[in-house]
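Have a look at the structure below, then the notes.
The values are calculated or read from the model by the stated rules, or taken from the named source; none is laboratory data. Keep in mind that this is a model prediction, so the values were computed, not measured. Note that we place each Cβ from the backbone using ideal geometry, even for glycine, and neighbour counts take in every protein chain shown. Just the protein is used for accessible areas: all its heavy atoms, side chains included, with ligands, DNA and RNA removed. Shrake-Rupley method; radii C 1.70, N 1.55, O 1.52, S 1.80 Å.
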Amino acid sequence: MFDVSIEGIQTLGLLIPALPLAGAISCALLGCFHFGKWAPVAAGSGVLGGFMTALAVALSVSHAHEPITGTYGTWFSIGNDAVGWEFRIDALAGAMTAMVTFISLWIVIFSAGYMHDDPGEGRYFALVSLFVAAMAVLILAGNLFVLFLGWEGVGVCSYLLVGYWYAKPEAAAAARKAFLVTRLGDIALLGAMILLGCHLGTLNLAYEKVFSSPLDPQVVFFSLVLLLIGAVGKSAQFPLHVWLPDAMEGPTPVSALIHAATMVTAGVYLLARFFPGMTGTSMDVPRLEAVASVQDIAGGLGAATAFLAAVMAVGQWDLKRVLAYSTLSQLGYMFMALAVSGDVRDEHTPLEVSSMAAFAAIFHLLTHAFFKALLFLSSGSVMHAMGHVIDMRKFSGLAKILPITHGCFLIGALALAGVPPLSGFFSKDEILIVLYEGGHSDSQRSAYFSILFWIALFTAFLTAYYTFRAYFLTFQGQLKIPREAGDHAHESPAVMTVPLVVLAACALLVGLLLGPTGSLHHFLEGTANWKLHESTFQISQPMILGTVAALTGIGLAWLLFSRRDRLSKPLGALETAAEARLYIDDIYLAVFVRPLATAGRAMGWFDRDLFQPLVELLATIPRMIGGRFRSVQNGLIQFYALAMALGLIVILAMFTVAR
Amino acid sequence: MVSPDLPHFLAVSAVLFSLGLVGFIARRNLIIMFLSVELMVQGVALNFVAFARFRGNLDGQAFVLFLLTIAACEAALALALILAMYRTRSSLDVSLWQDLREEDLEQVTDDEPLPLAPATAPLPQLPLAGIAPAKPEEPNRV
């Protein structure tokens, strides 16, 4: 679309993270010199610059079928091996960066209103900008080292932002939990890098090299498993999902930025790069089998997360936590989509099947980013009006006083539930179709994919149910306002409602514009290592089933919550268990945290009460010997002089005798 | 007349050094102790000169030049310190300064301490440079 030279694209690609980084630095400086109220302007212009360049890059790479590699110098070198600052710019990276910077831009604008008059404004906006820069580095990275830099960068920014109100013990604990749990995944990612580096015999872990090198199927399997664990940590999938709901302690725009649109999608992005890439074009059956078995694991974890998180969301009373669990659930969807693998017997090549699966995951990632950011920001607007109360039992009927927020939340909720023709419908549908087709292929795994399909369908029903449960509890019924809101409960200022409206428009239209028109499909065809086969939009069985599931869920929520006793638990014990997060956190506490704490206390006892006295016993010996001679130091100059003179005489005498 | 030989010089310098050492150890008056130290230094200096003379090179002489310079500096410092110490305790008795002993030791006290200096009027304080000294009140003129 744009005609920009390769050098031009390389320069623009560098600017995508550089401009938000410059914004971050200026925000930090402004904050230091007490000009914090100007920080939103600096952050906004940095992110806006990032968005403009990302858009230009996305539009100009859309037709280049070769990925554009930009090398901006050497990062470090060991021996003859050098790791470069490598970016790889292709259609997928362009689409992702454009989405991330666009949503971040509106979140920064929303934050300008939400964080108004907060004493730490400079710090907040500096961290948000830095986060955007790190995310851009993660997406644009051309080798695993640069990816790791971005990966850790978003991790540390997320830690700092979740713990932004560090004086609040829950926020500090949540930040620590998020950091430590994602760290488990990060170690696995590092392990994958080490494994690949050892087997390739080089530090040059550019994607292209990893994908095209001949590797032992076992190495392929284990490196992908490690990458999957990394992705599971970052994207908060089943065994490591516990950090995300707690991370809601951060400011709400941070939840929208990190836990909806950007950081948690990093894992999906990584796998969308590596599953088709590792499949490769060659028909090396053991290698295909290795990749496919990792994909099976991903699908299982995704299905478990999608279903369990949806169940947990059903019992939550905290509006933001409902959204957090729905994020987990939707990320589980993306993992399920990524699980679909091909077989050499299929109509399409394995690469084509994996690419279509990755495409479905990325499509859902993009639309999900819009409507989930919208939902989080709407809940932020509710919190703003309700004096930072977010418990849905304490307010209701807010549609009357928050009309704009209500409208935007409703659009977001419909999109999340997957009601046609909103964006969530098309992307969720794409995932259902991929799973459905996987279930009806000749592949050995078709039965497995069918199970995944039915889980996805049931989760779609649950999604619609809990989303509209939250909607009815918050916005419908009798008007009720908590005491904390005071008498000034009112709609948020324009600086907060405009981003809501913009994101609502996107949530309405993005799916329609990108999905059935085939424009995203066409755009992402240029992605390196992907091979998408033609697909046309048509009404199909999974689509109808998905819509029916969504409408049933909404209907059930309407039946249960629009009129009856609002605080009842219509599903009984299930809801009690769901409210307690299916006891998974308690199990972790009992199985990992408590034993570790006990072991720590035992170690402490050993150290303090066993080794310490032993060491002190050793120390008493020199102290006793020293004590004998301490009286020599009596402070009398003449005593010292005499001692010196006598010492001299003794030495001289010794010399004389020795001769 | 016998011209003095090296051992004569060495004997004199040894006597000087020993007198200084004994003086330093036996006397308690800070000024006398300081003078004893000077005596020891001079004994050493005489040693240097004597060796320079009888070995026929100037190395020892050069050392003595340095020694004299340092002795001059040392005298200036030591006398200033002694003055300051005298001002704080009104006495030149070295045994009054035992503060650097081990914490748990008793202070050693003398049976016959040096007599304290008679109380004198406080020394005049000089004003800061550049400020005119306050004039004494003029007697009333009638």
- Message: For segment A:1-39, give me the residue count where each residue is open to solvent by 50 Å² or more (accessible area, probe 1.4 Å), over 19 Å from A:Ser111 (Cβ atoms) and assigned to a helix (DSSP H, G or I).
- Response: 6
- Note on the structure: A careful count of residues in segment A:622-659 that are within 10 Å of chain B (Cβ to nearest Cβ) and of a type in the set (Lys, Arg) gives 1
- Task: Check A:Trp106, A:Trp165, A:Trp151 and return the single one that is open to solvent by 20 Å² or more (accessible area, probe 1.4 Å), within 30 Å of A:Ser60 (Cα to Cα) and out of contact with any Cys (no Cβ under 6 Å at 6 or more places or on another chain).
- Result: A:Trp106
- Message: One residue is enough: does segment A:191-207 have a residue meeting the conditions touching a residue at least 60 places away in the same chain (Cβ under 8 Å) and in a helix (DSSP H, G or I)?
- Response: yes
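Looking at segment A:3-23, can you tell me whether even one residue there is on the phi > 0 side of the Ramachandran plot and of a type outside the set (Lys, Arg)?
Narrowing segment A:3-23 to residues on the phi > 0 side of the Ramachandran plot: none.
Looking for residues that are on the phi > 0 side of the Ramachandran plot and of a type outside the set (Lys, Arg), one finds none in segment A:3-23, hence no.
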- Message: Every residue in segment A:222-243 that is over 11 Å from the mean Cα position of the chain (by Cα) and β-branched (Val, Ile, Thr), please.
- Response: A:Val225, A:Ile229, A:Val242
- Task: Could you please find all residues in segment A:498-527 being buried (at least 23 other Cβ atoms within 10 Å of the Cβ) and either small (Gly, Ala, Ser) or farther than 17 Å from A:Thr97 by Cα (or both)?
- Result: A:Pro499, A:Leu500, A:Ala504, A:Ala507, A:Gly511
- Task: Looking for whichever is buried (at least 16 other Cβ atoms within 10 Å of the Cβ) and either over 25 Å from A:Ile16 (Cα atoms) or of a type in the set (S, T, N, Q) (or both) here; the options are A:Leu215, A:Leu205. Which one fits?
- Result: A:Leu215
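Would you check which residues across segment A:232-258 are in contact (Cβ under 8 Å) with a residue 60 or more places away in the chain and among the small types (Gly, Ala, Ser) and list them?
Matches in segment A:232-258: A:Ser235, A:Ala236, A:Ala247, A:Gly250, A:Ser255, A:Ala256.
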- Message: So, in segment B:82-111, exactly how many residues are more than 11 Å from every other protein chain (Cβ to nearest Cβ), without any contact (Cβ under 8 Å) to a residue 60 or more places away in the chain and not β-branched (Val, Ile, Thr)?
- Response: 9
- Task: Could you list all residues from segment A:376-395 that are at pLDDT below 85 and outside any loop (DSSP other than H, G, I, E, B)?
- Result: A:His384, A:Ala385, A:Asp391
- Item | Failed item, numbered, when A:Met392 is tested on (1) open to solvent by 10 Å² or more (accessible area, probe 1.4 Å); (2) over 23 Å from the mean Cα position of the chain (by Cα) | (1)
- What are the pairs, 6+ residues apart or on separate chains, where a residue within segment A:453-477 that is at positive phi has its Cβ under 9 Å from a residue that is assigned to a helix (DSSP H, G or I)? A:Gly477/A:Phe561
- Item | A:Leu140 being crowded, with 24+ Cβ neighbours inside 10 Å and under 24 Å from A:Trp38 (Cα atoms) | no
- Message: Condition check: out of contact with any Asp or Glu (no Cβ under 9 Å at 6 or more places or on another chain), under 21 Å from A:Arg287 (Cα atoms), open to solvent by less than 10 Å² (accessible area, probe 1.4 Å) and at pLDDT 90 or above. Does A:Ala192 satisfy that?
- Response: yes
- Query: Regarding A:Ile584, is this residue over 30 Å from B:Val22 (Cα atoms), away from chain B (no Cβ under 14 Å) and in contact (Cβ under 8 Å) with a residue 40 or more places away in the chain?
  - Reply: yes
- Message: Checking the structure you have, find out if any residue of segment A:421-436 is of a type outside the set (Phe, Trp, Tyr) and part of a loop (DSSP other than H, G, I, E, B).
- Response: yes
- Note on the structure: Flagged pairs (Cβ under 6 angstrom, 6 or more apart or on separate chains; first in segment B:10-35, at the interface with chain A (Cβ under 10 Å from one of its Cβ atoms); second not in a helix (DSSP H, G or I)) are B:Arg28/B:Asp93; B:Leu30/B:Leu92; B:Met33/B:Arg27
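Is it the case, given these coordinates, that A:Leu398 is open to solvent by less than 10 Å² (accessible area, probe 1.4 Å) and outside any helix (DSSP H, G or I)?
yes
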